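Below is one structure, written out as structure tokens, with a few remarks after it.
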Amino acid sequence: HDITPNVTAPPPPRPWFPQPAPGAVALLYRSWLNSLLSPLQLRTPLAVLKTQLQSARRGDVAPAQALEEIGHTVERATELDNQMLSLAKVEQLRQQGDAPCIDWAGIVRAVAVDLSPLIAEHQLEFELDTAPAMVQAHEWALRELVRNLLHNAIRHTPDHGRLALSLAADGGEA
């Protein structure tokens, strides 16, 4: 004789956010979610900035220290803002359809010129070697890719160090 009660399990908890539906509703959902996340991501550095400013006004920290801390917070907020703008640009490019074929070498050279003041600031021995490399991509996306890679390389190369950037095409691949 079975004495186990016949109890059905409660339904799983529903997520706190609406589930996307296919098609146009999914696009609206993504837009809605982005509108929620953007202010939340910016609110944290802005709240920190406000606290730092209040602390400096009360004299809790030395003015030089306060300015340095505020500067770091502004840099972080700017970084977040740039990331959100980049995400919006990627979505815009995605909606445009197929990317054109462009020469990646010209973009690499242009970004190297744009970042040359930073290269000089770190007194790097910089070498650039490019060959024509046709790729199917949006120019903005390639420019961002190269800028991020080169900027990180500059930042992580010791002052007075050597940094080389090369781009070649081989068998249809860049």
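The values are calculated or read from the model by the stated rules, or taken from the named source; none is laboratory data. Fair warning: this is a prediction, and the values are worked out from it, not measured in the lab. All Cβ positions, glycine included, derive from the backbone under ideal geometry; neighbour counts span all protein chains shown. Note: areas computed on protein heavy atoms with side chains; ligands, DNA, RNA excluded. Shrake-Rupley method; radii C 1.70, N 1.55, O 1.52, S 1.80 Å.
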query = Taking region 144-167, which residues are modelled with pLDDT of 90 or more and open to solvent by 50 Å² or more (accessible area, probe 1.4 Å)?
reply = R147, L149, H151, N152, R155, H156, P158, D159, H160, R162, A164, S166
note = Among (1) more than 30 Å from E91 (Cα to Cα); (2) at pLDDT below 55, V25 falls short only on (1)
inquiry  = Checking the structure you have, find out if any residue of region 153-164 is more than 30 Å from E91 (Cα to Cα) and touching a helix residue (DSSP H, G or I) at 6+ places or on another chain (Cβ under 7 Å).
reply    = yes
note = Within region 75-133, the residues that are in contact (Cβ under 8 Å) with a residue 40 or more places away in the chain, surrounded by 15 or more Cβ atoms within 10 Å (Cβ to Cβ) and polar (S, T, N, Q) are none
inquiry  = Here are the criteria: (1) open to solvent by 80 Å² or more (accessible area, probe 1.4 Å); (2) under 24 Å from the mean Cα position of the chain (by Cα); (3) over 20 Å from Q83 (Cα atoms). Tell me which single one D170 does not satisfy.
reply    = (2)
query = Mind checking which pairs have a first residue in region 59-74 that is over 19 Å from P45 (Cβ atoms) and at pLDDT 90 or above and a second that is open to solvent by less than 80 Å² (accessible area, probe 1.4 Å) and in a helix (DSSP H, G or I), Cβ under 6 Å, 6 or more apart or different chains?
reply = none
